[in-house]
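The structure appears below as structure tokens.
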Amino acid sequence: MFVTLFGVAIVVFVVIRVAPGDPIAMMLPPGASDDDIARLRALYGLDKSIVQQFFIWLGGMLHGDFGTSISLRQDVLGLVFNRLPATLELATVALLVAIAMGAAAAILGARSRGTAVEAGIDIASGATLSIPDFLWGLVLILLFGVLVPVFDISGRVSPQLDLPFVTQFYLAESMLRLRFDLTWDLIKHMLMPAVALALPLAAIIAQLLKQSLKEVLDLDYVVLARVKGFSETQVILREVLKNAALPTLTLVGVQFTFLIGGTVIVERLFSYEGLGNMAIDAVINRDLPLIQGIVLVFALLFVLINLAVDMMYALLNPRLRHG
Amino acid sequence: MDEARISRRGLSPRLWLAGGWLLIALLAAIFAPLIAPQDPLAQDLMLERLPPFWLDGAEPGYWLGTDSLGRDLLSRLIFGGRIAFIVAFAAATSACLIGSALGLIAGYFGGWADRIISRIVDVWMAFPPVLFAILLVAVLGTGLSSVIIAIAVIDWTRFCRVIRAEAMSQARMDYVESARIAGYGRIGIMLREVLPNVLPSVVALLSLEMGIAVIVEAILSFVNLSISTDDPTWGGIIAEGRLSIHQAWWVLVFPLITLILTVLSFSQFGEGLKARFDPVLR
């Protein structure tokens, strides 16, 4: 885990130091003296050797100092923490949407196995899977932003609203404060980007979970449950689902990192003020410290999710639990 | 036997449909100067935001309408296909060559070569790919070759992981042992015996990767980081369409349909080819 993060840090550092274009020159007004340039260089540590710069940067990060953003002139860690909650909320809502849609399709498909309904679900999930979140985002903008304008397709929250929030977790805080008017406004902004992110993952869940459900449905204890008089849907929900969910769960964990990677462009598409949108601005402005900080936070997130999935798998798999 | 026949008969239509669309789009791109009804760069403010041909106010010769600068949408889509296909072929092939070579080495030789390559793949997988691509293009400078390099540098891991796993299982097969007894060297066996057996997977992945490359190029030109802004690109047209969505929906709708069809076709074509070549299914 730490080796991976260290590797990411090296790659980011090397890639960025190859960058042409002098960020210092961009900060100063034309006609700045060489002295000014040198002073600013020293301030940002750009006058030292590459290896020195790397270890100063790495040492600083271990103390929680990610440097100062060149374009926004603020502490990088503060900027990242300011935006991260928006991205986490979007990704979480997207994950929940994906699980709900995928599970519903899987249960419907397993219930009606062998019929045209199942074939339809197979074709739909296959096509949904092949179309990436960027294109889904555009389709949703057209359908629900223009054709039937029921959702907002730009921003995180309506700008005219007075926000009482003290944290950046707007969605969670609005619910805790029982300000459901704000919750609804946030959902109206968040739902379209979340669905765009969720659709490919929902398709994967539908395919895999349906397969596992069908396998478990043929086992003896399920037959027994049917004999006891449970309906097919009851059998699936009460007896089959928890035993069939394990393989899907592992996959969802891995796919969740892809979903988070997708937030970068989807946030841009919907002008959603999250970490990914800030990252693209940082790249366009050649804001080296900010880019480094954001990429590392994303990498940390990926590594942590993989760790959490491993732990959850160990916890839920009876064979590993007792072994 | 029966199963094989069913699968082949069932797969043909999608192979034909997908291949057909790709062929049409590719030919249109190659012969763009002959086919395109208008100059894709010609601006005419008298003709701005013309609707497509079936709506009131359309002009003959501007089949899909024009954008906010009066440029013909159909001609821009046809010329944008050139960039899309060049990036698709060049970037996917480069990613395929790098990834397959490393995957073959890691999977067949194992040991420290495998450990180093797998470690690099782990590091690569911890990057959000879109952000990585944007960062690389920003660093390399915008331009066609930067886009191709960025996609190849990021996506080789897709090939590496699959080919590594395949080569690993192939390396344990009896025929590899027989070849060794017959006196072939390790590299000779890898290229002559293992490589042909992992090829079906490579071909399917390659087609899939071409679709991904088209999308990444569109994303890069959407954030204005692909090639120079003068040349029409599908992502660039989409970016314009996103801005004028309430005045001229067609500027977003047509490139979107083009992209969806192309991406779907590349993935279905790959799946179809894989099923066709797969020795088990055949």
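Being under 15 Å from the mean Cα position of the chain (by Cα), in contact (Cβ under 8 Å) with a residue 12 or more places away in the chain and within 14 Å of another protein chain (Cβ to nearest Cβ), is that true of even one residue in region A:237-254? Yes, region A:237-254 contains at least one residue that is under 15 Å from the mean Cα position of the chain (by Cα), in contact (Cβ under 8 Å) with a residue 12 or more places away in the chain and within 14 Å of another protein chain (Cβ to nearest Cβ). On the given criteria, is B:L273 surrounded by fewer than 19 Cβ atoms within 10 Å (Cβ to Cβ), among the hydrophobic types (A, V, I, L, M, F, W, C) and touching a residue at least 12 places away in the same chain (Cβ under 8 Å)? Judged against the criteria, B:L273 is not a match.
When region A:218-272 is filtered for residues that are farther than 30 Å from A:P193 by Cα, part of a helix (DSSP H, G or I) and hydrophobic (A, V, I, L, M, F, W, C), the ones remaining, listed by number, are A:V222, A:V223, A:L224, A:A225, A:V227, A:V235, A:I236, A:V240. Residue count for region A:299-320 satisfying the condition of being at the interface with chain B (Cβ under 10 Å from one of its Cβ atoms) and out of contact with any Phe, Trp or Tyr (no Cβ under 7 Å at 6 or more places or on another chain): 5.
Can you tell me which residue is nearest to A:G102 (Cα to Cα) among those in region A:209-234 that are under 37 Å from the mean Cα position of the chain (by Cα) and surrounded by fewer than 15 Cβ atoms within 10 Å (Cβ to Cβ)? Checked region A:209-234; the qualifying residue nearest to A:G102 (Cα to Cα) is A:T233.
For the condition more than 18 Å from the chain's Cα centre (by Cα) and without any contact (Cβ under 8 Å) to a residue 60 or more places away in the chain, A:V166 qualifies. For region A:287-309, filtering for residues that are more than 16 Å from B:A133 (Cβ to Cβ) and over 14 Å from the mean Cα position of the chain (by Cα) leaves 10. Starting from residues that are surrounded by fewer than 20 Cβ atoms within 10 Å (Cβ to Cβ) and of a type in the set (A, V, I, L, M), keep the ones in region A:124-138 and report whichever is nearest to the other protein chains (Cβ to nearest Cβ). Filtering region A:124-138 for residues that are surrounded by fewer than 20 Cβ atoms within 10 Å (Cβ to Cβ) and of a type in the set (A, V, I, L, M), the one nearest to the other protein chains (Cβ to nearest Cβ) comes out as A:A127. Within region B:180-190, is even one residue touching a Phe, Trp or Tyr at 6+ places or on another chain (Cβ under 7 Å) and at pLDDT 90 or above? Within region B:180-190, not a single residue is touching a Phe, Trp or Tyr at 6+ places or on another chain (Cβ under 7 Å) and at pLDDT 90 or above.
Kindly indicate whether A:R286 is farther than 23 Å from B:D122 by Cα and not in a loop (DSSP other than H, G, I, E, B). So A:R286 does not fit the description; no. The test for being touching a helix residue (DSSP H, G or I) at 6+ places or on another chain (Cβ under 8 Å), among the aromatic types (F, W, Y) and part of a loop (DSSP other than H, G, I, E, B) does not hold for B:Y175. Can you name every residue in region B:100-127 that is within 14 Å of chain A (Cβ to nearest Cβ) and of a type in the set (A, V, I, L, M)? Hits for region B:100-127 are B:I116, B:I117, B:I120, B:V121, B:V123, B:M125, B:A126. Scanning for something in contact with a His (Cβ under 8 Å, 6 or more places away or on another chain) and away from chain B (no Cβ under 12 Å), does region A:141-154 turn up at least one residue? Yes, that holds for at least one residue. Criterion first (buried (at least 17 other Cβ atoms within 10 Å of the Cβ), away from every other protein chain (no Cβ under 11 Å) and in contact with a helix residue (DSSP H, G or I) (Cβ under 9 Å, 6 or more places away or on another chain)) does B:L97 satisfy it? Judged against the criteria, B:L97 is not a match.
On the stretch given as region A:140-153, residues that are within 23 Å of A:I205 (Cβ to Cβ) and free of Cβ contacts under 8 Å to residues at least 40 places away in the same chain total 1.
Selection within region B:227-282: residues that are part of a loop (DSSP other than H, G, I, E, B) and at pLDDT 85 or above. The member of this set that is farthest from the other protein chains (Cβ to nearest Cβ) is B:P232. In this structure, B:L208 does not satisfy being within 11 Å of chain A (Cβ to nearest Cβ), under 25 Å from A:F144 (Cα atoms) and in a helix (DSSP H, G or I).
The values are calculated or read from the model by the stated rules, or taken from the named source; none is laboratory data. These numbers come from a predicted model, not from an experiment. No Cβ is skipped: glycine too gets one built from the backbone with ideal geometry, and neighbour counts run over all protein chains shown.
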